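The values are calculated or read from the model by the stated rules, or taken from the named source; none is laboratory data. Source: prediction; values computed, not measured. Counting neighbours? That spans all protein chains shown, and the Cβs are built from the backbone with ideal geometry, glycine included. The protein model used for the area step is the full one, side chains on, heavy atoms only, and it has no ligands, DNA or RNA in it. Shrake-Rupley method; radii C 1.70, N 1.55, O 1.52, S 1.80 Å.
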Amino acid sequence: MDGDALKSHIPHSARVWNYLLGGKDNFEADRRAAEHSISLKPDMVEQARADRAFLGRAVRYLAGDQGVRQFLDIGTGLPTAENTHQVAQRVAPDCRIVYVDHDPLVLAHARALLASSAEGECHYIDADLHDPDGILAKAGTLLDLTRPVAVMLVGILHHVEGAEDSHAVVRRLMAAVPSGSRLVVNHPTSVVHGERSERSARTWNESGGRPTVTLRTPAEIAAYFDGLELDEPGVVSCSRWRPEPAVREPEVDAFCAVGRKP
């Protein structure tokens, strides 16, 4: 896969996040964009790590305490350590995971590196969050949509610009899964660092980085869970969602929540 197909000269959020997490699947444009973001907002690395740690804790909670066995992970990103299927299948080897992305580099790496346990299943589909019906049509051939599914929208909804558009996507996805299903969301905000976070997002958008970024408030993030039952502790900074005992990390400008469909 050549750089032109990947548009390696244009920074891409999945590759920038890979760099922030210490990965090697990125290009010079991504590294420059990441370093510039760090210069504007020095806790960017901590935020990336807190986002990733939240994903792991949420999956362990759902596969363990809540008995969820199916995960629809939309906006997979580039594989690193502790991917959804690794965490879930460590808890329950029979978990079934479907990853969804439409970035060619993400899909190439996912197919090469993400291998399921023998007891479970792990699949990857090429689809866009802006087309939830397309996602559901493909996922419905791989997951049993009559049984609870954890719909994972981790680090993806901020790439849907319009508030109504993003809420319509969430409503459509959750309408297709049964009672007992879960919604998992994390989303960047500016409530912790204010103008620094806003300037970082604005600079990314003005630089031509893709996809664009929209920051939302905790109240706007909570609105994605309308009609659902929020798990404790509700909508909080990623570093504050069910942290490990005796660990209290500083708040980061990414808030998250998990909710249950009644």
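Is it true that some residue in segment 175-191 is in a helix (DSSP H, G or I) and at pLDDT 95 or above?
Quick first cut of segment 175-191, residues in a helix (DSSP H, G or I) only: 175.
Within this subset, residues satisfying the condition of being at pLDDT 95 or above are 175.
Yes: segment 175-191 contains one or more residues that are in a helix (DSSP H, G or I) and at pLDDT 95 or above.
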Got a number for residues in segment 1-32 being open to solvent by less than 80 Å² (accessible area, probe 1.4 Å), farther than 18 Å from Val213 by Cβ and modelled with pLDDT under 80? 7
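Inspect all residues belonging to segment 218-235 and state whether any of them is charged (D, E, K, R), more than 16 Å from Ala50 (Cα to Cα), within 16 Å of the chain's Cα centre (by Cα) and in a strand (DSSP E or B). Walk me through it before giving the result.
Of the residues in segment 218-235, the ones charged (D, E, K, R) are 220, 226, 229, 231-232.
Of the ones still in play, those that are also more than 16 Å from Ala50 (Cα to Cα) are 220, 226, 229, 231-232.
Filter once more, keeping what is within 16 Å of the chain's Cα centre (by Cα): none.
The answer is no; no qualifying residue exists.
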Boolean, Glu198 is assigned to a helix (DSSP H, G or I) and over 28 Å from Lys24 (Cβ atoms): yes
Scan of segment 33-88 for residues that are at pLDDT 95 or above, assigned to a helix (DSSP H, G or I) and open to solvent by 20 Å² or more (accessible area, probe 1.4 Å), ordered by number: Arg57, Arg60, Tyr61
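So is Pro148 farther than 27 Å from Glu161 by Cβ, surrounded by 19 or more Cβ atoms within 10 Å (Cβ to Cβ), touching a residue at least 24 places away in the same chain (Cβ under 8 Å) and not hydrophobic (A, V, I, L, M, F, W, C) or not?
Values: farther than 27 Å from Glu161 by Cβ: yes; surrounded by 19 or more Cβ atoms within 10 Å (Cβ to Cβ): yes; touching a residue at least 24 places away in the same chain (Cβ under 8 Å): yes; not hydrophobic (A, V, I, L, M, F, W, C): yes.
Judged against the criteria, Pro148 is a match.
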So which residues in segment 244-262 are of a type outside the set (A, V, I, L, M), closer than 24 Å to Pro42 by Cα and not in a loop (DSSP other than H, G, I, E, B), if there are any at all? Phe255, Cys256
If you go through segment 113-123 one residue at a time, do you hit one that is closer than 23 Å to His12 by Cα and at pLDDT below 85? yes
Under 8 Å between Cβ atoms, at least 6 apart or on separate chains: pull out the pairs that start in segment 98-112 with a residue that is on the phi < 0 side of the Ramachandran plot and end on any residue that is part of a helix (DSSP H, G or I) and at pLDDT below 70. Tyr99/Ala110; Asp101/Ala110; Pro104/Ala5; Pro104/Leu6; Leu105/Leu6
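When you check Asp94 against the structure, is it surrounded by 23 or more Cβ atoms within 10 Å (Cβ to Cβ) and under 25 Å from Ile125 (Cβ atoms), yes or no?
On the way: surrounded by 23 or more Cβ atoms within 10 Å (Cβ to Cβ): no; under 25 Å from Ile125 (Cβ atoms): yes.
When the stated conditions are applied, Asp94 does not pass them.
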